[in-house]
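S.K.: Shown below is the structure under consideration.
The values are calculated or read from the model by the stated rules, or taken from the named source; none is laboratory data. As the structure is a prediction and not an experimental result, all values here were calculated from the model. Neighbour counts are summed over all protein chains in view; Cβ atoms, including those assigned to glycine, are modelled from backbone coordinates with ideal geometry. The protein model used for the area step is the full one, side chains on, heavy atoms only, and it has no ligands, DNA or RNA in it. Shrake-Rupley method; radii C 1.70, N 1.55, O 1.52, S 1.80 Å.
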Amino acid sequence: MMTRSWQRVLRMTGYAVLACSLPAALACFVSYRQDQDFLGEMARRIVAGETTPAARVLALSNSIHRDQATHKNGSFFAVRRWGPTSRQVFVHGGDCADKSRLLCALLRELDISATPVMCFDPQTGLPTHTIVETDLGDGSRMIVDPTYDLYFPKPNAAGFYDLLDLRRDPDILANRIAELCASAPPAREADVYYMRASTPYHHVSTINWDQNAFSRWTRDRLLPLFGDRVYRFSRPAILEEPKLLATVTLLTPGVLVILLMGCKAAMRLARRRWRRLRNDRISAVALNGTYSGRGLSGAEVVSDGS
């Protein structure tokens with residue numbers, strides 16, 4: 001059995017975790033919402049005058065390509081491995097993964113669903129580039145690359161190619177690059193040449209299913225249920241927003257402490273009820289034994305009491 005002194009130590013530790021965890025999580029979340037409010041205001045300015053979701057997506061992608069420098073952003077929030085926040089990318093620029101994170105954050109503020117998509121090397125399985133797939137709200141989707149301001153329109157203005165189209169037909173990328181090389185200035189041609197040499201779009205996925213044996217096993221179980229849609233499962237925003245991830249990380253210990261305290265209180269209440277029922281049963285047995293010893297029946301006990 002745990003001594004009272006240890007119970008007191010554990011109780012005080014729980015209170016200390018609550019005192020630190022909940023305010024810190026709240027501060028991170030407030031900071032995250034402030035960033036999102038800033039990004040929302042910037043997004044609305046950029047897409048001013050655009051009326052369709054596709055036009056807004058392209059306006060934001062072009063703005064990121066034009067205004068945010070392409071380089072490795074060394075900024076981070078709380079944990080370096082989590083990388084920069086979307087606001088830090090907006091201010092200081094970033095690489096392909098950073099810019100895709102920023103585009104998704106801007107689109108979310110416009111109520112346009114979007115998720116980062118990674119391009120993988122078919123030989124090594126390592127990610128080589130990051131792009132974005134957006135849901136246009138009418139049942140169609142489109143792939144955009146904010147790093148190179150690249151997108152894939154279908155012929156005769158019939159919409160846009162999406163992630164699954166690019167996985168199924170590698171010629172879509174080759175034809176689009178050839179089209180841009182024929183019409184774009186040399187600087188633009190250098191961009192698309194780099195992409196042609198380093199980015200296999202026919203191995204794109206939102207999740208790295210080939211990361212390990214467990215992920216491959218999971219994919220193989222999901223494929224019969226969802227088909228190729230497993231390659232476009234949306235990545236949770238928590239994985240792309242360091243401040244949101246920090247909020248959940250800090251909140252988790254506090255929630256666990258509250259659950260443990262709740263379980264302990266429920267167990268204490270259950271024990272009290274059990275003891276009360278036990279004592280009532282013992283009293284009833286003792287009472288019945290007393291009257292039985294006097295030779296009285298239950299009816300006589302009742303009439304006697306009346």
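S.K.: May I ask you to rank 179, 133 by accessible area, largest first, using a 1.4 Å probe over the protein chains only?
M.R.: Numbers: 179 105, 133 5 Å².
Of 179, 133, the descending order of accessible area is 179, 133.
S.K.: Still on this structure: Which of the DSSP-defined H helices in the chain satisfy a minimum axial length of 15 Å, computed from C-alpha atoms, and a minimum mean Kyte-Doolittle hydropathy of 0.5? Show your work: numbers first, answer last.
M.R.: Details: long enough: 4-46 (62 Å, 0.10); 53-67 (21 Å, -0.05); 96-109 (20 Å, 0.22); 171-183 (18 Å, 0.67); 186-198 (18 Å, -0.73); 213-226 (19 Å, -0.16); 242-293 (76 Å, 0.29).
Long hydrophobic helices here: 171-183.
S.K.: With all protein chains present, calculate the accessible area of residue 261 using a 1.4 Å probe and round the result to the nearest 10 Å².
M.R.: About 70 Å², rounded to the nearest 10.
S.K.: Here is a further query. When the solvent-accessible surface of protein heavy atoms is calculated with a 1.4 angstrom probe, in what order do 131, 46 fall, highest first?
M.R.: Details: 131 0, 46 55 Å².
From most accessible down to least: 46, 131.
S.K.: Could you compute the net charge surrounding residue 118? Neighbours are other residues with a C-beta less than 15 Å from the C-beta of residue 118; K and R count +1, D and E count -1.
M.R.: -1
S.K.: Just add up the charged neighbours of residue 61: K/R +1, D/E -1, any other residue whose Cβ is under 11 Å from the Cβ of residue 61.
M.R.: With Lys, Arg at +1 and Asp, Glu at -1, the neighbours total +1.
S.K.: With a sphere of radius 14 Å drawn around the Cβ of residue 208, what net charge do the other residues whose Cβ falls strictly inside it have (Lys, Arg +1; Asp, Glu -1)?
M.R.: Numbers: positive: 216, 219, 232, 235; negative: 121, 210.
Counting the neighbours of residue 208, the net charge comes to +2.
S.K.: At a probe size of 1.4 Å, how large is the accessible area of residue 41, to the nearest 10 Å²?
M.R.: Residue 41 has an accessible surface of roughly 80 Å² with all protein chains in place.
S.K.: From the P(r) of segment 96-164, could you give the percentage of C-alpha pairs in the tail past 21 Å? Spell out each step's value before the answer.
M.R.: Values: 609 of 2346 pairs.
Of the Cα pairs, 26 percent sit more than 21 Å apart.
S.K.: Moving on. By what distance, in whole Å, do the Cα atoms of the chain stretch along each of the three principal axes, largest value first?
M.R.: 113, 42, 42
S.K.: Could you sort 226, 233 by their accessible area in this structure, using a 1.4 Å probe and putting the largest first?
M.R.: 226, 233
S.K.: Any idea of residue 274's accessible area? Nearest 10 Å², probe 1.4 Å.
M.R.: 150
S.K.: Rounded to whole Å and sorted largest first, what semi-axes of the equivalent ellipsoid does the C-alpha gyration tensor of segment 1-127 yield via the square root of 5 times each eigenvalue?
M.R.: 40, 20, 13
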